[in-house]
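Here is the structure we will look at, set down as structure tokens.
Every read-out reported here was derived from the displayed coordinates using simple, explicitly stated rules and does not represent laboratory data. For clarity, every value in this text was computed on a predicted model and none was experimentally measured. Note that each Cβ is placed from the backbone with ideal geometry, even for glycine, and that neighbours are counted across all protein chains shown.
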Amino acid sequence: MAGAEQHSSMQASGDKSWHGIVLQTLKRNEISLIPYVPDRVLTPLIKNLHADPFFTTFATAREEEAVGIVSGAWMGGRRGAVLMQTSGFATLANTLASLAVPYQIPLIMFVSERGTLGEFNYGQSLVCRTMRPVLDSLALEHHTITRLDELEFIADRSIKQAVTTQAPVALILNPLLTGGKVFDK
Amino acid sequence: MDTRNTKVMNRFDITSRLIAKLKHEEAVIGGIGNTNFDLWAAGHRPQNFYMLGSMGLAFPIALGVALAQPDRRVFALEGDGSLLMQLGTLSTIAALKPKNLIMIVMDNGIYQITGAQPTPAAGVADLVAIALGSGLTNSAWAADEEDFERLVDQAMSVDAPSLIALRIDDKPGVGTTRRDPVQIRERFMHGLGVREPL
């Protein structure tokens, strides 16, 4: 598949890969606390975040927990971002509506998008359909990133907007950007 | 320790005893419901944060504050029902080992605020055993009020996360937090020295 080949060559080119750009954008915006619930597509980003001592990167048991952690850190003066998968976002409606939004916390979320463009798990495709309606129902800023050449602009500007307007943002990493996860076994 | 030998204490009394011990602008995160109502009633401090939702996140929020400000002691007050919603966070905290985080669990075995229904753990599970099993080795039941104060002193002198659990009665909170989330968050940030007021 052309998409998958393009994905591999981007990974090979280091900092110009999608995950290299995300890492550098986080660093440039002084976002150093990265709790996550893992996802196959996010693996190279998570691996490189762990390898970079600028970041405190660790797994949490649930996405809600990660949101609580970065919310506390923000109030204590340290910036964080949460990494998760589509199905993890689906567990967050209560936390968004009762913590991040009413307390005006610039919660920065990176969501690896499962459930579209070649999904093989029916449940993933269904839960994906709940994500944007939840974001829209709370009027949360969100962007679906499909192109490598737009990634840095969207991520950098969105992080700065979240911080200055004290509002959450979800950056959805589409399979067109990351290659996604395809059925292989 | 087995909970059966511990005294049944009162949340407001215990919270007041804790607040009286804080001399270094320690942060305190009050969990949803009665837990933060009694924190409010014990006397507002700029370093108090009151949760108005997101049940179960007192420990994660406190962990975030502790990671952001490693030189400040951070307390989290949580109910047993709330803790049951987020038991995984005990392992997260055990793995990260924040030196400045002290967790306090008020265990009455009921969801007092919703009508005193028993929790699924009531009479079955031991929350300190769960914490120990999650890797939080510095976890204990407080036998009575004096023991609670001793455990707090001990927790404030060690370089490891601590968890103190207490059995409490079924009384509701004695105050009601002013439900103004933006002001709560902003004043907390002032209290932590992150921002100056306008």
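Per-structure values
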{"item": "Value of Rg/Rh across the protein assembly as shown [Cα atoms, Kirkwood radius]", "result": "1.00"}
{"item": "Where chymotrypsin sites (Phe, Trp or Tyr not before Pro) in DSSP loops with at most 14 other Cβ within 10 Å are excluded, longest remaining stretch of chain A", "result": "A:55-119"}
{"item": "Cleavage-rule hits, trypsin sites (Lys or Arg not before Pro), the stretch A:13-45, DSSP coil, Cβ neighbours within 10 Å at most 12", "result": "A:Arg40"}
{"item": "Where trypsin sites (Lys or Arg not before Pro) fall in DSSP loop in the stretch B:18-93, at most 14 other Cβ within 10 Å", "result": "B:Lys23"}
{"item": "Compactness index (Cα Rg / 2.2 N^0.38 Å), the stretch B:102-198", "result": "1.35"}
{"item": "Against the rule of thumb 2.2 N^0.38 Å, how large the Cα Rg of the stretch A:99-146 comes out", "result": "1.32"}
{"item": "Simple Cβ-charge dipole of the stretch B:41-109, Lys/Arg +1 and Asp/Glu -1, about Cα centre, in debye nearest 20", "result": "300 debye"}
{"item": "Hits among lysines - C-alpha to C-alpha of B:Lys23 under 21 Å, sequence gap 8 or more where chains match", "result": "B:Lys99"}
{"item": "Cα-based shape type of chain A, given that a ≥ b ≥ c are square roots of the gyration tensor eigenvalues and the cut on a/c is 1.5", "result": "oblate"}
{"item": "Within the protein assembly as shown: Cβ-based charge dipole about Cα centre, in debye rounded to nearest 20 (Lys, Arg +1; Asp, Glu -1)", "result": "460 debye"}
{"item": "Helix-only mean residue ellipticity at 222 nm for the protein assembly as shown, each DSSP H run of n ≥ 4 adding -39500 (n - 2.57), per residue, nearest 500", "result": "-12000 deg cm²/dmol"}
{"item": "Dipole of the stretch B:61-198, positive end: most advanced residue of B:Ile104, B:Ala76, B:Thr137 [Cβ charges, Cα centre]", "result": "B:Ala76"}
{"item": "Whole-number D in µm² s⁻¹ for chain B, Kirkwood Cα-pair radius fed into Stokes-Einstein, 4 °C, 1.567 mPa s", "result": "78 µm²/s"}
{"item": "Using θ = phi - 60° and Karplus 6.51 cos²θ - 1.76 cosθ + 1.60, couplings along the stretch B:108-125 (whole Hz; Gly, Pro as x)", "result": "10, x, 9, 8, 4, 6, 9, x, 6, 5, x, 6, x, 8, 4, x, 10, 9"}
{"item": "Sparse-neighbourhood loop sites, chymotrypsin sites (Phe, Trp or Tyr not before Pro) in the stretch B:14-90 - DSSP loop, at most 10 other Cβ within 10 angstrom", "result": "none"}
{"item": "Largest-first principal axis extents, alpha carbons of the stretch A:23-126, Å", "result": "41, 34, 22"}
{"item": "Student exercise, the stretch B:3-191 dipole from Lys, Arg, Asp, Glu Cβ charges, in Debye to nearest 20", "result": "360 debye"}
{"item": "Neighbour-count ranking [beta-carbon atoms within 10 angstrom, fewest first] of A:Leu117, B:Leu127, B:Leu67", "result": "A:Leu117, B:Leu127, B:Leu67"}
{"item": "Relative contact order (percent, whole number), the stretch B:3-191, Cα cutoff 8 Å, 6+ residue spacing", "result": "30 percent"}
{"item": "Normalised contact order of the stretch A:61-164, rounded percent, pairs of Cα under 8 Å and 6 or more residues apart", "result": "24 percent"}
{"item": "Under-5 Å amide H pairs with A:His142, H placed in peptide plane, nonlocal only", "result": "A:Ala170"}
